[in-house]
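Structure first, then comments.
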Amino acid sequence: MRRIVIAIASTITGLVLLFSWPTSLNRTTALAATPGGTGGAGTTTGTSGAHANGNGNGSGKSTSSGSSGTSSGSGSGSGTATGTKTYTGATAQTRYGPVTVQITVTGGKVSDVQATNYPNGSRTDQVINSYAIPQLNAEALQAGSANIAMVSGATFTSYGYLQSLQDALDQAHL
Amino acid sequence: MAGDGAKAAAVSPSPGLPHRAWVEQIMGMPISVHVRGERALDDVVAAAVADLFDELREVEARFSPFREDSELCRLQRGEVELEHASDDMREVERLCRTALERTDGWFDAWHSRPDGLFDPTGLTKTWGVGRAARHLDSLPGLGYAIGAGGDVLLRPTSDGEPWLIGIEDPRDRSRVLATVPVSDGAVATSGTAARGAHIRDPRTGAAMTEVLAASVVGPSLLWADVFATAAIARGAQAVDWVSTLHGTSGLLVLADGSVHRWANPV
C-alpha cells in the first residue's frame, strides 16, 4: 500500500509541476486535487491540448519538467484504508527553483496536493506564469509617454494606419 | 516610408540601445519593424529587414484571396489540387487542420467564408511573419518587435528590457486600453472593431459580436492569433475557455464593456 502511494505521489509531483497550477490570478483545475480521484493521477486534466507550442514560430518554451526522483514518505507505514496520511514528496528542481509537493491521502486515495517550499520562499505568480497579465490603464494613455513600442489591435488597415498610434510610434524611430 | 539606407536614423529618445524602425504596407496593412541593439543602425540590419519585407510580399502573392493568380485562388478554383500544391500551401493547410482541432472547431478555415471555400487567411499572415522574422533571427544580439496589422512578434533585447506592448481599445482606436511587457513571444489581437463583424460562428455563419476584441500573449504568434480568433468565434464562452490556454496571458473586451484578463501558468 505504501509503495503504491509513494509511486502515485512521485508521479503527481512531476505532473503537478508540468500542468495546471492554481494561481491567484486565474483559477485553473489542479491535477489530482479531486478527493477520491486517483484515476486522474496519471493523466492530464484534458485541456484540449491548447498549449501554445507554436510551429516554428515560437521561442520553444518547454514546460517545466521537474525530475521528482524518489519520494520520501513521511507518514506512518500502516496505511489504514480509512485513515488520512500526509506524504512529502522529494523536492523537484523546476526552472523556477526548488518546489516540494505534499500529498494527503485519505482512505487510500489522494485527497489533496499542496506545494510547499515555493521558489524564493513565497508564492510568486509572476515567476510561474510565463506571460504577465495585461495591466489596464486607468486613464487614456498617450502612447509616447509610456515607452510603448508597439500597439496590438484588431487588424490595422493601411487606410486606418495614417495618424494612428502605431504611425506615431514608427515615425519616432524611422 | 520604407527604411532608406541614406536616411539619417533617428536617435532613440530614451537612453539605451540604438533603436530603428521601418514600415511598409503589405497585405493591405502596415508592417512595422522595430529593432534594438548595438547594431541597429547597421546596413546589414537594414538589408535583413528588406529581405523580411520581400518574404512577406511573397506570402501575399501566394495566399492573397484578392489576387486571381495567387496559389490560393487557383486552389480555390480547383486549378491545382492540394497534393500538388507548394510545400508552403500544404504546410499552411496542415496548420489549419491542427488549429481546427486545438480550438475544438472554433477556428475553422473550411467554414469561415459564406461560400464555403477553404480559407487559410486567418493564419497566413502570422505564419508569414514568423517565417520572415528568420531574417532577423540570424543577426545575433538584435532584439526586435514586428507589428503586422496589429499582431506583434517580439524577441529579446540585449539589455534585458522587455518590449512594452499597448493593447488598443476596440471601442476607441486612439486609446490604449492596457499594456503588457513581453521580452520573447507574441501578442495577437482579433476583434470586430476594424472591419466590422468579419469573424463568423463556423456552425451558423452568423457574425459574432459578444466579444469585441481578444488579445492573446504567448510564445507563438501564429497560435496567439489562432486562439484570439477562436475566442471571438466562441463569444461569451471564451471567458471560460481562455483559462485552458496554458502559458498564455491576455484580455477579452466584451460587448457590455467589461474586460476579462488572465495570466495562465505553463
- request: Would you check which residues across the stretch B:169-187 are in a strand (DSSP E or B), under 19 Å from the mean Cα position of the chain (by Cα) and more than 7 Å from every other protein chain (Cβ to nearest Cβ) and list them?
  value: B:Asp169, B:Ala186
- line: Per the filter on the stretch B:126-174, residues closer than 13 Å to A:Ala154 by Cα and surrounded by fewer than 24 Cβ atoms within 10 Å (Cβ to Cβ) are B:Asp169, B:Pro170, B:Arg171, B:Asp172, B:Arg173, B:Ser174
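Mind telling me which of the residues A:Gly107, A:Gly121 ends up being assigned by TED's automatic domain parsing to the domain that holds A:Lys85, at pLDDT 60 or above and within 30 Å of A:Thr84 (Cβ to Cβ)?
The unique qualifying residue is A:Gly107.
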statement: Filter the stretch A:158-174 for residues that are outside any helix (DSSP H, G or I) and at pLDDT 80 or above; the one that is surrounded by the most Cβ atoms within 10 Å (Cβ to Cβ) is A:His173
- prompt: Of (1) in a strand (DSSP E or B); (2) within 29 Å of B:Asp88 (Cα to Cα); (3) of a type in the set (Gly, Ala, Ser), B:Gly166 satisfies all except one. Which?
  reply: (2)
- request: Filter the stretch B:244-265 for residues that are surrounded by fewer than 17 Cβ atoms within 10 Å (Cβ to Cβ) and facing another protein chain (nearest Cβ under 10 Å) and give the result.
  value: B:Val259
message: Tell me whether the stretch B:140-155 contains one or more residues that are small (Gly, Ala, Ser), more than 7 Å from every other protein chain (Cβ to nearest Cβ), touching a residue at least 60 places away in the same chain (Cβ under 8 Å) and not in a loop (DSSP other than H, G, I, E, B).
response: yes
field: Conditions (1) part of a loop (DSSP other than H, G, I, E, B); (2) at pLDDT 50 or above; (3) not basic (Lys, Arg): number failed by B:Ala8
entry: (2)
statement: Selection over the stretch B:90-117 where residues are part of a loop (DSSP other than H, G, I, E, B) and within 13 Å of B:Ala233 (Cα to Cα) yields a count of 9
- request: Kindly indicate the residue of the stretch A:137-157 that is surrounded by fewer than 14 Cβ atoms within 10 Å (Cβ to Cβ) and more than 23 Å from B:Gly143 (Cβ to Cβ) and also modelled with the highest pLDDT among those meeting that condition.
  value: A:Ala138
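The values are calculated or read from the model by the stated rules, or taken from the named source; none is laboratory data. Since we're looking at a predicted model, the values are computed, not measured. Cβ coordinates were reconstructed from backbone atoms using ideal geometry, including for glycine residues, and neighbour counts include every protein chain displayed.
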